[in-house]
Amino acid sequence: MFTESELKKHLNSGHFKNLYLCFGEEKMLVKRSVELIEKKVSGEEALNEFNYHIFGADSDIGEISVTADIIPFMSERNILRINDMDIDKLKKSDFDALMTILKKLPDTTVVIFAMPTLELTSKTAKSQFKKLMSFIDKNGVCIELTHRSGLALERDLCKWAKAGGCTMSELTAHKLIQYAGEDLNRLNGEMKKLTAYADGAEITPEMIELLVSKSTEASVYDLFGYIVAGNTDKAINAISVLFYQQVSGVYICTVLSGAYLDAYRVRIGIEAGKSTGEIGEDFGYKNRSWVLGKIIKQIRPVTTKALRRSLDELIDVQARLVTETADERIEIERLVCKLALIAEDRRDD
């Protein structure tokens, strides 16, 4: 299995393979890798109907076979891109036929299996895809684009800033992730905005404050921070902003419950002697791992008993909002004040 850096090194060498497979959690990186392969393999020539053929998930295997044997016209290579084909759902006869095609590819044909939207990882793959992956890994290039988080994601953002002619510290990148989350598509859009605004200068935390809108989840997690810190005024202001943005009381209550559940998991995990990374892995946080590092600092003065009492209160209010007719804003404001009082209770008996 190739890494991203190994893929780039391989493509820059000019010694191309006949088979490529790009899949994984990070769909933006899958798309970028496929585009890079196509660009390099084609010699940066214009891709056209004579040397470039795209097949979809339900394409006929016979048609793929015929196209794979086409002699390149006015081009060095014949490129086939097969998008989002669910290999594990192919009939065995079709899968066997596909493997026969791949084993007999002409030297001038390059086949790229791309999974730009299909949710598939090496862990979730079944027998047929594993066979395809193993074959391509031995005879071509196979790359799985896994989820970015933590320091690795911060460093990637710093590289993106550099590519845009700017600079950005890892601390500032961390702030951007806290505002926008870890979705690469959104981060890519925010970085384009920031690099255009910075115009060759350093991207600063102040620019993020000015230009980047917090995700609703991040805003509710800020609300959680104000509550456990006992800052009721800021908490009420945060509620006002959320309702101004037309976020429902049910949604606020749901995400706030999630924040308290995260906090409780962190607390119990720490009491069991586990690291934040282990807690995140145990509970499958993946692209939400950023919340744990933030929460661990916020809940230090809050007792375990207070966290449990808060979860009970949240469950009661959430049930009331769903089953009864109530003024959502009043219910949420009352809830937040009660949670702040609970957070201040230091008795853990």
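The values are calculated or read from the model by the stated rules, or taken from the named source; none is laboratory data. Since we're looking at a predicted model, the values are computed, not measured. Using ideal geometry, Cβ is built from the backbone for each residue, glycine included, and neighbour counts are taken over all protein chains shown. In case anyone asks, the SASA skips ligands and DNA or RNA and just uses the protein heavy atoms, side chains included. Shrake-Rupley method; radii C 1.70, N 1.55, O 1.52, S 1.80 Å.
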Next on the checklist: Quick check on this structure: which one of Thr172, Thr167 is open to solvent by less than 40 Å² (accessible area, probe 1.4 Å), more than 23 Å from Lys31 (Cβ to Cβ), polar (S, T, N, Q) and in contact with a helix residue (DSSP H, G or I) (Cβ under 7 Å, 6 or more places away or on another chain)?
Outcome noted: Thr172
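Please verify whether the stretch 236-245 includes one or more residues that are closer than 30 Å to Asp327 by Cβ, touching a helix residue (DSSP H, G or I) at 6+ places or on another chain (Cβ under 8 Å), touching a residue at least 12 places away in the same chain (Cβ under 8 Å) and not in a helix (DSSP H, G or I).
Yes, that holds for at least one residue.
Give the stretch 132-141 a look and list any residue that's of a type outside the set (S, T, N, Q) and either free of Cβ contacts under 8 Å to residues at least 24 places away in the same chain or exposed (fewer than 15 other Cβ atoms within 10 Å of the Cβ) (or both), or say none.
Selection gives Lys138 alone.
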Checklist entry - Which one of the conditions (1) open to solvent by less than 40 Å² (accessible area, probe 1.4 Å); (2) within 30 Å of the chain's Cα centre (by Cα); (3) in contact (Cβ under 8 Å) with a residue 60 or more places away in the chain does Leu339 fail to meet, given that it meets all the rest? => result (2)
Next on the checklist: Among the residues of the stretch 270-284, what is the count of those that are outside any helix (DSSP H, G or I) and either closer than 22 Å to Thr303 by Cβ or modelled with pLDDT of 85 or more (or both)?
Outcome noted: 5
Checklist entry - Is it fair to say Ser42 is of a type outside the set (Phe, Trp, Tyr), over 31 Å from the mean Cα position of the chain (by Cα) and on the phi < 0 side of the Ramachandran plot? => result no
Next on the checklist: Name the residue that is nearest to Ile299 (Cα to Cα), counting only residues in the stretch 193-225 that are in a helix (DSSP H, G or I) and either touching a strand residue (DSSP E or B) at 6+ places or on another chain (Cβ under 9 Å) or open to solvent by 70 Å² or more (accessible area, probe 1.4 Å) (or both).
Outcome noted: Glu209
Item to check | Filter result (closer than 30 Å to Gly150 by Cβ, open to solvent by less than 90 Å² (accessible area, probe 1.4 Å) and in a helix (DSSP H, G or I)) within the stretch 293-335 | outcome: Gly293, Lys294, Ile295, Ile296, Gln298, Thr304, Ala306, Leu307, Ser310, Leu311, Leu314
Checklist entry - Do any residues in the stretch 151-180 that are within 16 Å of Gly293 (Cα to Cα) and touching a residue at least 40 places away in the same chain (Cβ under 8 Å) have Cβ atoms under 9 Å from those of residues that are charged (D, E, K, R) and open to solvent by 40 Å² or more (accessible area, probe 1.4 Å), where the two are at least six apart or on different chains, and which pairs are they? => result Gln178/Lys214; Gln178/Lys294
Next on the checklist: It is to be established whether one or more residues within the stretch 86-101 are surrounded by 15 or more Cβ atoms within 10 Å (Cβ to Cβ) and under 22 Å from Leu36 (Cα atoms).
Outcome noted: no
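Residues Phe129, Phe135, Phe113: which one is assigned to a strand (DSSP E or B) and modelled with pLDDT of 95 or more?
Exactly one residue qualifies, and that residue is Phe113.
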Item to check | Unique residue being open to solvent by less than 70 Å² (accessible area, probe 1.4 Å), at negative phi and touching a His at 6+ places or on another chain (Cβ under 9 Å) when the list is Glu190, Glu154, Glu144 | outcome: Glu154
Next on the checklist: If Ile252 meets every condition in (1) at negative phi; (2) surrounded by fewer than 21 Cβ atoms within 10 Å (Cβ to Cβ) apart from one, which number is that one?
Outcome noted: (2)
Item to check | Subset of the stretch 4-52 that is touching a Pro at 6+ places or on another chain (Cβ under 7 Å) and among the basic types (Lys, Arg) - its residue that is most open to solvent (accessible area, probe 1.4 Å) | outcome: Lys31
Next on the checklist: Would you confirm whether or not the stretch 255-264 contains a residue that is assigned to a loop (DSSP other than H, G, I, E, B) and either at negative phi or in contact (Cβ under 8 Å) with a residue 24 or more places away in the chain (or both)?
Outcome noted: no
